[in-house]
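**Student:** Here it is, the structure in full.
Every number in this text was worked out from the coordinates using simple rules, so none of it is lab data. Model, not experiment: these values are computed from the prediction. Heads up, the Cβs are rebuilt from the backbone with ideal geometry, glycines too, and the neighbour counts pull from every protein chain shown.
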Amino acid sequence: TRRGLHGSLRRFEAGMEEALKERHALEVDLRRALDEDEIVPFYQPLIALDGDRLIGFEVLARWQHPTRGLIPPAAFIPLAEEIGRIGELFDKLLVRACSDARSWPSDLRLSVNISPTQFAEPQMASRILDILAKENFAPARLELEITENALVDEVSSARLILTTLRNVGVSVALDDFGTGYSSLRHLSDLPVDRLKIDRGFVESARLNEEGWRIVRAIVQLAGTFDLATTAEGIEAPEILSTLRELGCDIGQGYLFGKPISAEQTSLWLLGRPL
Ligand code: C2E
Ligand code: CA
Ligand code: CA
Ligand code: CA
């Protein structure tokens, strides 16, 4: 078995080397993609649940790779964070989204995901405000979605940056609410307007009563703190009607629409009754 152990060590090493090579290749490719603007915003509708009004879109990054096709954010956002280029990617997506939104109804809002690592940059607030001014996009039409679980290191700078932005009308949503480590603490630590109920909870609400209790508890918690709620991952009509009964404000999910390109979004808007 000594030989067996040796053999598996060799295989392990070979596997590691392979993984490192792949990561390096991906990194080179990503740097090129950022320079060539291959990463673009897709848009997923946000719907007010008292009726069927379109409120706006969540901006979701997609890499339109010349040979590999459409690459989802999970495959490149963590690497963009690691190589220190997530701020630049955010800026580019925001500029592009503001410019896409120019041909859409002027009351539509944009929700953009912000990576916790971006809070390490003190200039973040002014960079965002510069972009909004340049693109002539009203700050009140922008919402930032922040993920709570990785915020822990940066809470004080996050608070400062978010407060600056909120003072001019930008709003803040806590994304993936309930999945992090200190979600309840952030409710009092950070300036927040909205809780986004994680897709996992909404999905399990379809399967069991326990799931519903969690969703209901989050909506009630939001009410206690005067916060609005968005439920993501709505796929089934029966989930939608129960979320309405619970008083959840905004819904998002495949039932209303999947994330689509700017061009597809313009067409979708044309086909949608006012
Ligand atoms: P998220 O912010 O929680 O975004 C919601 C994800 O759920 C999106 O996945 C969306 O396509 C998916 N989704 C929405 N409705 C449904 C549904 O009804 N069913 C199912 N199965 N899925 C649904 P996506 O686009 O793959 O994004 C994954 C994550 O990547 C996002 O999760 C967000 O954390 C991150 N991300 C995406 N774009 C950006 C970005 O520009 N910057 C940063 N920092 N993160 C981003
Ligand atoms: Ca989000
Ligand atoms: Ca989410
Ligand atoms: Ca998520």
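**Student:** What share of Cα pairs, in percent, lie more than 18 angstrom apart in segment 154-212?
**Tutor:** Pairs farther apart than 18 Å: 43 percent.
**Student:** Something else about it: Between beta-carbons, use under 10 Å as the cut-off and find the net charge around ALA236, counting Lys and Arg +1, Asp and Glu -1.
**Tutor:** In short, -2.
**Student:** If you place +1 on the Cβ of every Lys and Arg and -1 on the Cβ of every Asp and Glu, how big does the dipole about the Cα centre of the chain come out, in debye to the nearest 20?
**Tutor:** 380
**Student:** What number in nm² do you get for segment 1-109 if you take the convex hull of its Cα atoms and divide its surface by four?
**Tutor:** Over all viewing directions, segment 1-109 projects a mean Cα-hull area of 10.9 nm².
**Student:** Plugging the Kirkwood radius over Cα pairs into Stokes-Einstein for segment 152-274, at a temperature of 20 °C and a viscosity of 1.002 mPa s, what D comes out in µm²/s?
**Tutor:** Answer from the Stokes-Einstein relation: 135 µm²/s.
**Student:** If I fit a long axis through the Cα atoms of helix 155-167 and take the longest principal axis of the Cα atoms of the chain, what angle between them do I get, 0 to 90°, rounded to 10?
**Tutor:** Its long axis makes an angle of about 40 degrees.
**Student:** Taking a cut-off of 16 Å between Cα atoms, list the lysines near LYS92, but don't count ones fewer than 8 places away on the same chain.
**Tutor:** List returned: LYS134.
**Student:** Based on the Kirkwood radius over alpha-carbon pairs, what value in µm²/s does the Stokes-Einstein equation return for the translational diffusion coefficient of the chain at 20 °C and 1.002 mPa s?
**Tutor:** This corresponds to a translational diffusion coefficient of 106 µm²/s.
**Student:** How much of the DSSP bridge set in the chain is antiparallel, in percent, rounded to the nearest 5?
**Tutor:** 40
**Student:** Further question: In degrees, nearest 10, range 0 to 90: what is the angle between the Cα axis of helix 86-101 and the longest Cα principal axis of the chain?
**Tutor:** So the helix axis and the longest Cα principal axis differ by about 40 degrees.
**Student:** Then there's this: State log₁₀ I(q)/I(0) for segment 186-243 at q = 0.13, 0.14, 0.19, 0.26 Å⁻¹ as given by the Debye formula over alpha-carbon point scatterers of equal weight, solvent excluded.
**Tutor:** Summing over Cα pairs of segment 186-243 leads to -0.32, -0.37, -0.65, -1.05.
**Student:** Pull up the cross-link candidates among the aspartates and glutamates for LYS21, meaning alpha carbon to alpha carbon under 20 Å and not fewer than 8 places away within one chain.
**Tutor:** Correct list for LYS21: GLU13, ASP29, GLU81, GLU82.
**Student:** Determine, for each peptide in 12-18, 91-97, 62-68, the mean count of other beta carbons within 10 angstrom over its residues, then list the peptides with the highest first.
**Tutor:** Listed from highest to lowest mean packing, they are 91-97, 62-68, 12-18.
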